[in-house]
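No lab work stands behind these numbers, since they all come straight from the coordinates. Keep in mind that what you see is a predicted model, and the values were worked out from it rather than measured. Counting neighbours? That spans all protein chains shown, and the Cβs are built from the backbone with ideal geometry, glycine included.
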Amino acid sequence: MITVLGTFENGLVKLDKDFSSKNPVKVLITFLDEVQSISKEGFKLSDFSFSQSQKNLSALKSSLSDAVIEERQSEK
């Protein structure tokens, strides 16, 4: 296995170093920085489900607002 760093921009990967191969090579791309995907469709009504939100928050022992404030303060 060979690791080559690169940059992904506008749908293309630019490698930091040249890499050549006589045969096609499968690759695995891992995005190291947190990026937000830009959706062309925007939000749909189905993206907002009260019952799904309840399930997602079932293990939360504090209030959601307290958890959000704590998370934002830890990012500073």
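Pairing each residue of the range 5-17 that is closer than 14 Å to Val27 by Cβ with any residue that is among the aromatic types (Phe, Trp, Tyr), provided the two are 6+ apart or on different chains, yields C-beta distances under 9 Å for Phe8/Phe31; Lys14/Phe8. If the condition is being acidic (Asp, Glu) and over 16 Å from Asp33 (Cα atoms), then the range 1-23 contributes Asp16, Asp18. For the range 2-27, a tally of residues being in a strand (DSSP E or B) and not charged (D, E, K, R) returns 6.
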